[in-house]
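Working notes, structure below.
The values are calculated or read from the model by the stated rules, or taken from the named source; none is laboratory data. Treat the numbers as computed from the prediction; the structure is a model and nothing was measured. Quick reminder, even Gly has a Cβ in these numbers, built from the backbone with ideal geometry, and neighbours come from all protein chains shown.
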Ligand code: FES
């Protein structure tokens with residue numbers, strides 16, 4: 001397998017109900033990406049991996065895309081086509097899904 005052009009990490013961390021940090025619980029989101037990768041034959045060109053907690057749980061579900069190190073927050077199944085079209089294939093990150101100021105090292 002060659003080096004993926006871009007790599008998507010989907011946080012699937014879960015925590016018990018009522019936990020103060022909450023959790024992304026992004027398993028359905030990961031499955032949505034897997035389906036989209038399958039349908040669009042993206043495997044090989046792009047990587048997709050589930051991850052544990054990425055840090056900013058309060059803004060989840062979170063998705064991280066490398067090599068740019070772009071964090072997307074509050075991602076839903078409906079956002080997957082835009083991330084694939086815009087960022088993975090088009091090289092232009094989806095700014096509307098950026099986390100709020102102050103998260104992920106961005107200045108408030
Ligand atoms: S649980 Fe997903 S970022 Fe912490």
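Can you report the number of residues in the range 16-66 which are within 12 Å of the ligand (Cβ to nearest atom), in contact (Cβ under 8 Å) with a residue 40 or more places away in the chain and not in a helix (DSSP H, G or I)?
Residues flagged as within 12 Å of the ligand (Cβ to nearest atom), in contact (Cβ under 8 Å) with a residue 40 or more places away in the chain and not in a helix (DSSP H, G or I) within the range 16-66 amount to 13.
Return a yes/no flag: does the range 71-85 have any residue that is surrounded by fewer than 18 Cβ atoms within 10 Å (Cβ to Cβ), within 16 Å of the ligand (Cβ to nearest atom) and modelled with pLDDT of 95 or more.
Pass one, the range 71-85, residues surrounded by fewer than 18 Cβ atoms within 10 Å (Cβ to Cβ): 74, 76-78, 81-82, 85.
Adding the requirement that they be within 16 Å of the ligand (Cβ to nearest atom) leaves 74, 76.
Right, trim to modelled with pLDDT of 95 or more and you get 74, 76.
Checked the range 71-85: at least one residue is surrounded by fewer than 18 Cβ atoms within 10 Å (Cβ to Cβ), within 16 Å of the ligand (Cβ to nearest atom) and modelled with pLDDT of 95 or more.
Does residue 103 satisfy the condition of being touching a helix residue (DSSP H, G or I) at 6+ places or on another chain (Cβ under 6 Å) and surrounded by fewer than 17 Cβ atoms within 10 Å (Cβ to Cβ)? Walk me through it before giving the result.
Working: touching a helix residue (DSSP H, G or I) at 6+ places or on another chain (Cβ under 6 Å): yes; surrounded by fewer than 17 Cβ atoms within 10 Å (Cβ to Cβ): yes.
When the stated conditions are applied, residue 103 passes them.
Which pairs have Cβ atoms under 8 Å, sit 6 or more apart or on different chains, and link a residue in the range 70-93 that is within 20 Å of residue 43 (Cα to Cα) to one that is in a helix (DSSP H, G or I) and modelled with pLDDT under 95?
From the range 70-93, no pairs qualify.
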